[in-house]
Amino acid sequence: MIAMLAASQGLNPEDPSFWMPLAFMALLFVVIAAGMVLDGFDLGVGILLQLAPEHERGRMMSLLSPWRDANEFWLLLGMGLFAAAFPFAWGAVLGKLYGPLTCMVLGAVLRSVAFEFRIRARNEMKPRWIFAFWAGSLITAFGQGMMLGRIATGYQSDAGYGWFAMFVGLCAVAAYVLLGASWLVMRVDGDLQRRAANWARHAIRWTAVGMVAIAVTLGLANAGIFYKWSNIAHLSLAATVWVLMLAGFVAAEMLLARLPGRAERFSWLPFVLCVALFLLMLSGLAYSLFPYLILDDMTLWDGAGALGSMRLVLAGAVVGIPVVLVFNILAYRSVFGKERAPVPLLPPPG
């Protein structure tokens, strides 16, 4: 299969001009998956702030503190890697996604500023910065969903496709709410855990609707993608993906309905199931689009940069990625497990 793909591009499988774009696309997939999941629960908790009781909002933001800096890293790394590896696609893709990307950048900046200023603000000003963090999270999630909707329709700009992109934006908000609420279910106890389980159960339906809408639209908007998933050779793969996603949604719904209470020892499982669903959706999208950066217009090899510059970036990635992995393993080692009570700095009086 690799040999056939290389032959279709007029290259040898051992030729760096063939495998380097593939290596960069694999790295980009990992970065996007990490950003979707690790920054995703951050976004979800941020969107839930306005639904939570006022006295719980500061606690919810404090829960995010150990990972805020690490979460912001993925967006920057993904954009930098894409620009460095595929410079000829950079301008073309950004020209088609400038609206959603503008929302993402504005939301990310607002979230970062609001989070830092809330820590340093006077008590009477903290609610305003919490509201700004909520607004930034909502804008970022909606922008990411609109971007996904635009990609699924092949960047078509007719009015109907614009409404579809906005619908996917709302479903993306629900998906991040599901991820953030499931993370809270895993991390906290008591009333907040009960509320988080209820939020997740409401969000899971719209998440499922959004994922189905993306899958159906991908097939209807592009005959090549429809054939890829529906031909006899790949029909078993399509059936397996759909069965796994259905099982994941059903299992998550059943667990959330029993939390808090009988399924308390499995409070971590809804979050793991949500991560698996996100990864399945992203894998299906990557399989559908491969080997194109812009459907039926620009392949990986068309958008790739000069071989010398790609070698330089790849050398930097080989050195930098292990450092990043170590940093993130240390940063995320406590992302699972229940919230720990704060340790007093001074002994209690008396």
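The values are calculated or read from the model by the stated rules, or taken from the named source; none is laboratory data. These figures come from a predicted structure and were not determined experimentally. Glycine also receives a Cβ, built like all others from the backbone with ideal geometry; neighbour counts cover every protein chain displayed. Surface areas here come from the heavy atoms of the whole protein model, side chains and all, with no ligands, DNA or RNA. Shrake-Rupley method; radii C 1.70, N 1.55, O 1.52, S 1.80 Å.
For the chain, the mean residue ellipticity at 222 nm estimated from helices alone is -27000 deg cm²/dmol, where every DSSP H run of n ≥ 4 contributes -39500 (n - 2.57) and the total is divided by all residues, rounded to the nearest 500. Solvent-accessible area per residue in the chain equals 50 Å², computed with a 1.4 angstrom probe and all protein chains kept. Spread over its residues, the convex hull of the C-alpha atoms of segment 229-323 is 153 Å³ per residue.
List the trypsin sites (Lys or Arg not before Pro) in segment 242-272 that DSSP assigns to loop (not H, G, I, E or B) and whose Cβ has at most 11 other Cβ atoms within 10 Å. Which are they? The qualifying sites are 262. The spacing between segment 285-337 and segment 224-280, judged by their C-alpha centroids, is 25 Å. Here the spin labels are modelled as points 7 Å beyond Cα on the Cα-Cβ line, and at residue 116 and residue 62 they lie 2.2 nm apart.
For semi-axes √(5λ) of the Cα gyration tensor in Å, several values are listed as [x] 37, 24, 20; [y] 32, 29, 17; [z] 32, 23, 18; flag the one computed from this structure. Matching the structure shown: [x]. Subtracting the Cα-Cα distance of residue 279 and residue 232 from their residue separation scaled by 0.36 nm leaves 14.5 nm. If you roll a 1.4 Å probe over the chain with all protein chains in place, what percent of the accessible area is carbon or sulfur? Looking at the chain in its full context, I get 71 percent from C and S.
Only aspartates and glutamates eight or more places from residue 338 in sequence, or on another chain, were considered; those with a Cα closer than 18 Å are 42, 56, 189, 191, 264. Computed extension length for residue 242-residue 50: 65.7 nm, one decimal, from 0.36 nm per residue of separation with the Cα-Cα distance subtracted. Peptide packing for 316-325, 9-18, 293-302, 164-173 was compared via the average number of neighbouring C-beta atoms within 10 Å per residue; ordered from the highest value, the list is 164-173, 293-302, 9-18, 316-325. Relative to the current alpha-carbon distance between residue 4 and residue 109, full extension at 0.36 nm per residue lengthens the span by 33.4 nm. Each peptide in 87-98, 129-140 gets a packing score, the mean of other Cβ atoms within 10 Å over its residues, and the list from highest to lowest is 129-140, 87-98. With a simple spin-label model that places each label point 7 Å from the Cα along the Cα-to-Cβ direction, the separation between residue 336 and residue 19 comes to 3.4 nm.
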